[in-house]
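Asks: Right, I'll just put the structure down here and ask away after.
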Number of protein chains: 2
Amino acid sequence: MQQCCVNILHMKVTRNTAAKGAILDLITNSDSALSHSEIHKLTADLCDRVTIYRILDRLVNEDVIHKIVNLDGTIKYAKCHHANHVHIHNHVHFSCEKCLKVTCMENVQPSYIIPRNYKVNDVNFTLSGLCPNCL
Amino acid sequence: MQQCCVNILHMKVTRNTAAKGAILDLITNSDSALSHSEIHKLTADLCDRVTIYRILDRLVNEDVIHKIVNLDGTIKYAKCHHANHVHIHNHVHFSCEKCLKVTCMENVQPSYIIPRNYKVNDVNFTLSGLCPNCL
DNA sequence: TTTTAAATGCAACAATGTTGCGTTAATATT
DNA sequence: AATATTAACGCAACATTGTTGCATTTAAAA
Ligand SMILES: [Mn+2]
Ligand SMILES: [Mn+2]
Ligand SMILES: [Zn+2]
Ligand SMILES: [Zn+2]
């Protein structure tokens, strides 16, 4: 009765499927964060469009991948490379205006001072401009 | 031949209209950032849905208001209260998970160190959690 | 192998954002 | 004040994105 994966919020057992594995591989091996539509195009007929939404939600809730909100409002998905499993996702993301790639900068963690009467649960720091490849 | 307002990117003359004035007032007097749909509801029959999109774009391009991308990908609009006109918009935004309000924290400006081979043009820092009213 | 319920496909729907075009009206010019 | 210019508008039509319900399939525990 070994459980392979769980939704860390609801402590509900989840399952591994072919589509889930393929999408996770895609995200893991990508050098930039991917949106739903990008994944949809890259996977062709792997599975239904709705299934991709559900798989992405599942992977996020399992804390395997994380969401990044791009400056135009599009949501992208990436996999952290650091080891810690349950994590506050407090690093910077860079959104290149030319090649349109969004990348995690896991070693850039901004510091800020916020009044004590706020409780911070999550963080989304995005810088945009030109990446090294496009500069 | 005094020009009232211009698109600062294209240096093109823009015009003031009743709908534009009303929407700017709404945003100026709001204590939190507003989305297109919120503005649409608040203005009732002021103008067409499409016109609101175009007015918001115009106000952003005139550098009168600014966009804030919320953690769920929804885009909100706010007006800075500081004086400087053309500005890098580098302050933090706070997104409350309970009351769902998004507010500018103009005096919170994070510091970060990014490699020199990146060129930063814009910044979007959003914190989410509980605001003082909801804590 | 059997059981169970998570995951899927599909259809239908809702929300959000975009484009083209004929008309209206803000503003500069006369 | 009248006129000319063209930005802004309304409307319809469309595209994209995300959601929900339900019957069927299938991963994985028993
Ligand atoms: Mn990241
Ligand atoms: Mn702001
Ligand atoms: Zn680039
Ligand atoms: Zn609140």
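The values are calculated or read from the model by the stated rules, or taken from the named source; none is laboratory data. The structure displayed is predicted, hence computed values, not measured ones. Using ideal geometry, Cβ is built from the backbone for each residue, glycine included, and neighbour counts are taken over all protein chains shown.
Asks: Is the range A:56-68 home to any residue that is within 16 Å of ligand 2 (Cβ to nearest atom), touching a residue at least 24 places away in the same chain (Cβ under 8 Å) and out of contact with any helix residue (DSSP H, G or I) (no Cβ under 6 Å at 6 or more places or on another chain)? So that I can check it myself, show each step before the final result.
Replies: Within the range A:56-68, the subset within 16 Å of ligand 2 (Cβ to nearest atom) is none.
No - not one qualifying residue is present in the range A:56-68.
Asks: Do the conditions hold for B:Gly73, that is, is it farther than 19 Å from B:Asp31 by Cα and within 11 Å of chain A (Cβ to nearest Cβ)? Give the steps one after another, and end with the answer.
Replies: Values: farther than 19 Å from B:Asp31 by Cα: yes; within 11 Å of chain A (Cβ to nearest Cβ): yes.
For B:Gly73, the condition - farther than 19 Å from B:Asp31 by Cα and within 11 Å of chain A (Cβ to nearest Cβ) - is met.
Asks: Among the residues of the range B:14-37 satisfying the criterion of being charged (D, E, K, R) and more than 16 Å from ligand 2 (Cβ to nearest atom), which is nearest to the other protein chains (Cβ to nearest Cβ)? Full working, then the answer.
Replies: Step one: of the range B:14-37, the residues charged (D, E, K, R) are B:15, B:20, B:25, B:31.
Retained after the next criterion (residues that are more than 16 Å from ligand 2 (Cβ to nearest atom)): B:15, B:20, B:25.
On the way: B:Arg15: 26, B:Lys20: 22, B:Asp25: 25 Å.
Here the residue is B:Lys20.
Asks: Another question, then. Just one of B:Val69, B:Val60, B:Val64 is within 16 Å of ligand 1 (Cβ to nearest atom), closer than 20 Å to B:Asn124 by Cβ and among the β-branched types (Val, Ile, Thr); which is it?
Replies: Numbers: B:Val60 fails: within 16 Å of ligand 1 (Cβ to nearest atom); B:Val64 fails: within 16 Å of ligand 1 (Cβ to nearest atom).
After applying the criteria, what remains is B:Val69.
Asks: While we're looking at this one, here's another question. Do the conditions hold for B:Ile113, that is, is it more than 16 Å from ligand 1 (Cβ to nearest atom) and either touching a Leu at 6+ places or on another chain (Cβ under 9 Å) or at the interface with chain A (Cβ under 7 Å from one of its Cβ atoms) (or both)? Step through it out loud before you land on a result.
Replies: On the way: more than 16 Å from ligand 1 (Cβ to nearest atom): yes; either touching a Leu at 6+ places or on another chain (Cβ under 9 Å) or at the interface with chain A (Cβ under 7 Å from one of its Cβ atoms) (or both): yes.
Spelling it out, B:Ile113 is indeed more than 16 Å from ligand 1 (Cβ to nearest atom) and either touching a Leu at 6+ places or on another chain (Cβ under 9 Å) or at the interface with chain A (Cβ under 7 Å from one of its Cβ atoms) (or both).
Asks: Find all pairs meeting these conditions: Cβ atoms under 8 angstrom apart; at least six residues apart or on different chains; first residue within the range A:121-135 and more than 12 Å from A:Val102 (Cα to Cα) and facing another protein chain (nearest Cβ under 7 Å); second residue crowded, with 16+ Cβ neighbours inside 10 Å and of a type in the set (D, E, K, R).
Replies: A:Leu135/B:Lys119
Asks: Looking only at the range B:1-20, count every residue that is modelled with pLDDT under 90, loosely packed, with under 11 Cβ neighbours inside 10 Å and near DNA strand C (Cβ under 9 Å from one of its atoms) and tell me the total.
Replies: Qualifying residue count for the region: 4.
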